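The values are calculated or read from the model by the stated rules, or taken from the named source; none is laboratory data. Not measured: the values here are computed from a predicted model. Backbone-built Cβ (ideal geometry, glycine too); neighbour counts: all protein chains shown. Protein only, heavy atoms only, side chains kept; ligands, DNA and RNA dropped before computing areas. Shrake-Rupley method; radii C 1.70, N 1.55, O 1.52, S 1.80 Å.
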Amino acid sequence: MRDQQTEKPNAANDLILQFNQGHFEEVIEKASDLIKQNPNSFLIWNIFGAANKSIGNIEEALNAFKKTTSLNPNYADGFNNLGVMLYETGEISKAILAYQKALSIKPKYPDALNNLGNAFHKQQNWKEAIIAFKDAIAIKPDYAEAFYNLGNTLYSQKKWASAISEKQKATAIKP
């Protein structure tokens, strides 16, 4: 008989594998069953949220990430994911707070910095957006998306030469 502590990580790993293979409906079904057995597993809630996001179940995903972060207020990925959903639902100020919470937990988190930059860009807070993108690039120098997003922000400021330069860097990394 397996003990429950080895069962849970294995179940989460199985869900992650299925998620990575694109079996989102199956992940949702299995995660739902696992949540019934263990409603306090923030990892299962997070995977459940990611699978729902992948098939466009926005409200389910948002609620799952809220549950993830309430179960584990020290889980940076959960706050980053919550921020993504808040951004997608137009709650930009709340998304910024979620990204900032993720970064308070894990300061060198390039994805959260890139997402934060996008949220600041959406608010036309160019200065903060540029800082966030540059911080993401400083941590991950091959982060094509951050270079591209930095280029977009510079373009929005009519800094044409700099915008082109940043977008060329993105293209060189990821053609």
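Residue 94 meets each of the listed conditions (1) part of a helix (DSSP H, G or I); (2) touching a residue at least 12 places away in the same chain (Cβ under 8 Å) apart from (2). Applying the criterion of being of a type in the set (D, E, K, R) and in contact with a helix residue (DSSP H, G or I) (Cβ under 9 Å, 6 or more places away or on another chain) to the residues of the range 14-49, the residue that is most open to solvent (accessible area, probe 1.4 Å) is 25. For the range 98-167, the helices (runs of 4 or more DSSP H) that sit wholly inside it and include 3 or more residues that are surrounded by 15 or more Cβ atoms within 10 Å (Cβ to Cβ) and of a type in the set (Ser, Thr, Tyr) are 144-156. Could you list all residues from the range 50-83 that are open to solvent by 30 Å² or more (accessible area, probe 1.4 Å) and of a type in the set (A, V, I, L, M)? Passing the criteria: 55, 58, 71.
Only residues that are of a type in the set (Ser, Thr, Tyr) and out of contact with any Gly (no Cβ under 7 Å at 6 or more places or on another chain) were counted across the range 65-102, and they come to 5.
For residue 64, are the conditions met, namely being under 11 Å from the mean Cα position of the chain (by Cα), closer than 17 Å to residue 12 by Cβ and of a type in the set (A, V, I, L, M)? Against the criterion (under 11 Å from the mean Cα position of the chain (by Cα), closer than 17 Å to residue 12 by Cβ and of a type in the set (A, V, I, L, M)), residue 64 does not qualify.
This table checks each residue for (1) aromatic (Phe, Trp, Tyr); (2) within 14 Å of the chain's Cα centre (by Cα).
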{"residue": "19", "(1), (2)": "yes, no"}
{"residue": "32", "(1), (2)": "no, no"}
{"residue": "51", "(1), (2)": "no, yes"}
{"residue": "68", "(1), (2)": "no, yes"}
